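Asks: Questions regarding the structure given below will be posed in turn.
Any read-out appearing in this document is the output of simple, stated calculations on the displayed coordinates, not a laboratory observation. Bear in mind the structure is a predicted one, so any value in this text is a computation, not a measurement. Glycine gets a Cβ as well: all are built from the backbone with ideal geometry, and neighbour counts include every protein chain shown.
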Amino acid sequence: MARKAWIEKEKRKQKTVKKYAELRKELKEKGDYIALSQLPRDASPTRLVNRCQVTGRRRAYIRRFQLSRITFRELASRGELPGVTKASW
């Protein structure tokens, strides 16, 4: 399980990105990269990290299900993910 501090930090980053989204867009259209660099670092959407909805793990994230590979495998083998079947040939 991810520590609560990490999860809260991600939430804070998401709020910051949302807050500065319009301003970043305007500055990029103008080409004012000096003013853009004056904004907080967390205002950049590339600093956001995808995390597993169940465990909070950031590595091996599957976007379609918003889960890590480990959690995905556990839920899929228990049959708790609709539309997911185990492949065999």
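Asks: Can you tell which of THR46, THR55 is of a type in the set (Ser, Thr, Tyr), closer than 30 Å to PHE72 by Cα and in contact with a helix residue (DSSP H, G or I) (Cβ under 9 Å, 6 or more places away or on another chain)? Spell out the reasoning first.
Replies: Working: THR46 fails: in contact with a helix residue (DSSP H, G or I) (Cβ under 9 Å, 6 or more places away or on another chain).
None of the others qualify; the one that does is THR55.
Asks: Let me ask something else. Give segment 34-48 a look and list any residue that's farther than 22 Å from LYS11 by Cα and either touching a residue at least 24 places away in the same chain (Cβ under 8 Å) or of a type in the set (Val, Ile, Thr) (or both), or say none.
Replies: ILE34
Asks: Give segment 35-46 a look and list any residue that's among the charged types (D, E, K, R) and surrounded by 14 or more Cβ atoms within 10 Å (Cβ to Cβ), or say none.
Replies: Within segment 35-46, ASP42 is the sole residue that qualifies.
Asks: Return yes or no: is ALA60 free of Cβ contacts under 8 Å to residues at least 40 places away in the same chain, on the phi > 0 side of the Ramachandran plot and surrounded by 12 or more Cβ atoms within 10 Å (Cβ to Cβ)? Let's see the steps before the verdict.
Replies: Working: free of Cβ contacts under 8 Å to residues at least 40 places away in the same chain: yes; on the phi > 0 side of the Ramachandran plot: yes; surrounded by 12 or more Cβ atoms within 10 Å (Cβ to Cβ): yes.
Yes: the conditions hold for ALA60.
Asks: Just to verify a result, which residue in segment 13-34, among those that are of a type in the set (A, V, I, L, M) and exposed (fewer than 13 other Cβ atoms within 10 Å of the Cβ), is farthest from ARG51 (Cα to Cα)? Let's see the steps before the verdict.
Replies: In the first step, residues of segment 13-34 are kept if they are of a type in the set (A, V, I, L, M); the result is 17, 21, 23, 27, 34.
Narrowing the set further to residues that are exposed (fewer than 13 other Cβ atoms within 10 Å of the Cβ) leaves 21, 34.
Numbers: ALA21: 21, ILE34: 32 Å.
It comes out as ILE34.
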